[in-house]
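The values are calculated or read from the model by the stated rules, or taken from the named source; none is laboratory data. Everything quoted here is computed from the prediction, not taken from an experiment. Here Cβ is always computed from backbone atoms with ideal geometry, including for glycine, and neighbour counts include all displayed protein chains. Quick note on the areas: whole protein, heavy atoms, side chains included, nothing else; ligands and nucleic acids left out. Shrake-Rupley method; radii C 1.70, N 1.55, O 1.52, S 1.80 Å.
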Amino acid sequence: MKEPFRAKQSEVAISNLMQPFQSNTYGKIHGGEIMKMMDNAAGIIAHRHCRTFIATARVDQMEFHIPISIGNLVICEGRLTYVGKHSMEVMVTVLVDDLDADSPLKVALTSYFTLVAIDKNGKPVPVPPLEVVTEEDKKLYEEGKARYLAYKASREEHS
Ligand SMILES: CC(C)(COP(=O)(O)OP(=O)(O)OC[C@H]1O[C@@H](n2cnc3c(N)ncnc32)[C@H](O)[C@@H]1OP(=O)(O)O)[C@@H](O)C(=O)NCCC(=O)NCCS
């Protein structure tokens with residue numbers, strides 16, 4: 001198995017200029033377009049960590065705080081927060097840059113993706129550990145662990 005990977009090293013950002021084909025009839029971008037970008041960012045981050053195939057197993061609550069328009073630059077920033085035995089949690093934040101305005105980036109939403117490392121037959125495989133160093137790493141790790149344990153408990157309860 002690979003050496004522990006520092007949480008900070010997992011950071012990735014992808015960006016995309018919003019186009020008319022991604023919008024509804026009044027120029028606002030479909031939520032699904034943003035969700036797809038977020039899933040792509042989460043997938044890249046998880047894939048870089050485990051270097052095997054991955055599958056998105058779960059997406060936590062998504063709450064869009066601001067509308068996104070045609071011509072906005074959307075930046076999806078993400079990083080690993082927690083890893084289990086075969087699963088990885090990635091936090092993805094969507095930032096919006098209105099290129100026509102001289103204003104700071106706005107946060108559209110943050111969500112947590114759980115991805116599972118799999119082999120070519122779709123069977124879960126172990127993931128490398130995650131090294132948490134900074135106070136922020138530790139805080140995010142503990143929060144991710146709480147979500148992981150809550151999922152396990154609810155799965156147990158419903159099985
Ligand atoms: C994700 C998938 C590979 C898990 O396979 P599985 O045999 O059910 O896996 P297991 O029950 O052994 O669990 C393996 C790990 O995944 C985690 N996991 C599985 N389903 C999960 C879910 N719905 N939410 C969060 N974690 C989940 C488990 O907690 C476990 O984590 P751990 O090993 O770190 O403790 C399988 O359910 C699958 O292929 N799902 C479809 C994925 C897909 O198509 N995604 C794209 C959606 S369009």
Those strands (runs of 3 or more DSSP E) completely within segment 51-121 that have 3 or more residues that are polar (S, T, N, Q), surrounded by 15 or more Cβ atoms within 10 Å (Cβ to Cβ) and at negative phi are 106-118
Quick one: is Asp97 modelled with pLDDT under 95 and away from the ligand (no atom under 12 Å from the Cβ)? no
Being near the ligand (Cβ under 10 Å from one of its atoms), in contact (Cβ under 8 Å) with a residue 60 or more places away in the chain and either touching a helix residue (DSSP H, G or I) at 6+ places or on another chain (Cβ under 8 Å) or not small (Gly, Ala, Ser) (or both) is the filter here, so list the residues in segment 120-138 that pass it. Val125, Pro126, Val127
Of the conditions (1) more than 10 Å from the ligand (Cβ to nearest atom); (2) closer than 17 Å to Asp39 by Cα; (3) touching a helix residue (DSSP H, G or I) at 6+ places or on another chain (Cβ under 7 Å), Ala117 fails just one. Which one is it? (1)
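Do we have any residue at all in segment 137-154 that's in a helix (DSSP H, G or I), of a type in the set (S, T, N, Q) and either crowded, with 20+ Cβ neighbours inside 10 Å or out of contact with any Leu (no Cβ under 9 Å at 6 or more places or on another chain) (or both)? Quick ask: steps written out before the conclusion?
The first filter runs over segment 137-154 and keeps only residues in a helix (DSSP H, G or I), leaving 137-154.
Then keep just the ones that are of a type in the set (S, T, N, Q); that gives 154.
Retained after the next criterion (residues that are either crowded, with 20+ Cβ neighbours inside 10 Å or out of contact with any Leu (no Cβ under 9 Å at 6 or more places or on another chain) (or both)): 154.
Yes, because at least one residue in segment 137-154 is in a helix (DSSP H, G or I), of a type in the set (S, T, N, Q) and either crowded, with 20+ Cβ neighbours inside 10 Å or out of contact with any Leu (no Cβ under 9 Å at 6 or more places or on another chain) (or both).
Would you point out the residue of segment 13-38, among those that are touching a residue at least 12 places away in the same chain (Cβ under 8 Å) and open to solvent by 60 Å² or more (accessible area, probe 1.4 Å), that is farthest from Val94 (Cα to Cα)? Please lay out each step first, then the result.
Residues of segment 13-38 touching a residue at least 12 places away in the same chain (Cβ under 8 Å): 13-20, 22-23, 27-29, 31, 33-35, 37-38.
Within this subset, residues satisfying the condition of being open to solvent by 60 Å² or more (accessible area, probe 1.4 Å) are 13, 15-17, 19-20, 28, 35.
Values: Ala13: 10, Ser15: 9, Asn16: 11, Leu17: 13, Gln19: 17, Pro20: 19, Lys28: 15, Met35: 10 Å.
Among those residues, the one meeting the criterion is Pro20.
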Where Lys152 falls short, out of the listed (1) within 20 Å of Glu11 (Cα to Cα); (2) within 11 Å of the ligand (Cβ to nearest atom): (1)
